[in-house]
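First comes the structure, then the notes that go with it.
The values are calculated or read from the model by the stated rules, or taken from the named source; none is laboratory data. Note that the coordinates shown come from a computational prediction; the quantities given were computed from them, not determined experimentally. Here Cβ is always computed from backbone atoms with ideal geometry, including for glycine, and neighbour counts include all displayed protein chains. Remember, those area values only see protein heavy atoms, side chains included, never the ligands or the DNA or RNA. Shrake-Rupley method; radii C 1.70, N 1.55, O 1.52, S 1.80 Å.
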Amino acid sequence: MNATNRVLGRIALVLVGLALLGVGVVTVLVPTVPAVAAVWQDVARAGLADLGPGVARQASIAAWTALLGGAVVLGVLALVVLSTLGGGRTGTVVEDDGGADGVAGSVRIEAAAVQHALSSAIGDLPQVASLAVDVYRVRGRRAVRIRVRPRRGAGPRELTERVEAVVADLDAVLGERLPVLLEIARGGAGSGKPDRVH
């Protein structure tokens, strides 16, 4: 439940994995296979020839510029990736600076307060064996994920209705409607059945 693009993430993981696999294969083959070692030395000499001493100034400047430019591009890409990895868990549920209705001051409700309120209210239900409550930032908005493991024999419809009533009470208290994902682990505690999402 975050804003990171999964397809791009998987493509990046595949590319990094293939690159590391290639480096590993070359690392094993260079010291063990003389033909590969000879090719490696020729490629290294050709690729690094302009970086060493005794090279024409123009060729040296072009080689170092390409090397440092590549490092800068990799650094910028790393910063872009790190900055877009947001969208995970967040510590704040509501932030309001007033302003719109002319009231001075600001209101900030922490995620821990919402987690505690929902855990207390839902955890007291007789149908619930265990639960986890997390708050995430998804596409610029806050959203709550409630994961419930019901007791054996508890009906998912009744459990869903009770959780919806608790969430409606929370929305009334906050004065704002939060998106909520309810996951109900099927089959009760200890079951290996797949989860049900509402």
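Points to keep in mind about this one:
- Members of the stretch 127-178 that are exposed (fewer than 13 other Cβ atoms within 10 Å of the Cβ) and assigned to a loop (DSSP other than H, G, I, E, B): Arg139, Gly140, Arg152, Gly153, Gly155, Gly175, Arg177
- Residue check, Ala63 out of contact with any helix residue (DSSP H, G or I) (no Cβ under 8 Å at 6 or more places or on another chain), in a helix (DSSP H, G or I) and open to solvent by less than 90 Å² (accessible area, probe 1.4 Å): no
Residues are listed down the side, and each one gets a yes or a no for (1) open to solvent by less than 50 Å² (accessible area, probe 1.4 Å); (2) closer than 20 Å to Leu68 by Cβ; (3) outside any helix (DSSP H, G or I):
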{"residue": "Leu21", "(1), (2), (3)": "no, no, no"}
{"residue": "Val30", "(1), (2), (3)": "yes, no, no"}
{"residue": "Ala38", "(1), (2), (3)": "yes, no, no"}
{"residue": "Val43", "(1), (2), (3)": "no, no, no"}
{"residue": "Gly47", "(1), (2), (3)": "no, yes, no"}
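- Residue pairs whose Cβ atoms lie under 6 Å apart, sitting 6 or more positions apart in sequence or on different chains, and linking a residue in the stretch 125-138 that is within 7 Å of Arg89 (Cα to Cα) to a partner that is open to solvent by 30 Å² or more (accessible area, probe 1.4 Å) and hydrophobic (A, V, I, L, M, F, W, C), are Tyr136/Met1.
- Among the residues making up the stretch 76-90, those that are part of a helix (DSSP H, G or I) and either modelled with pLDDT of 90 or more or not small (Gly, Ala, Ser) (or both) are Val76, Leu77, Leu79, Val80, Val81, Leu82, Thr84.
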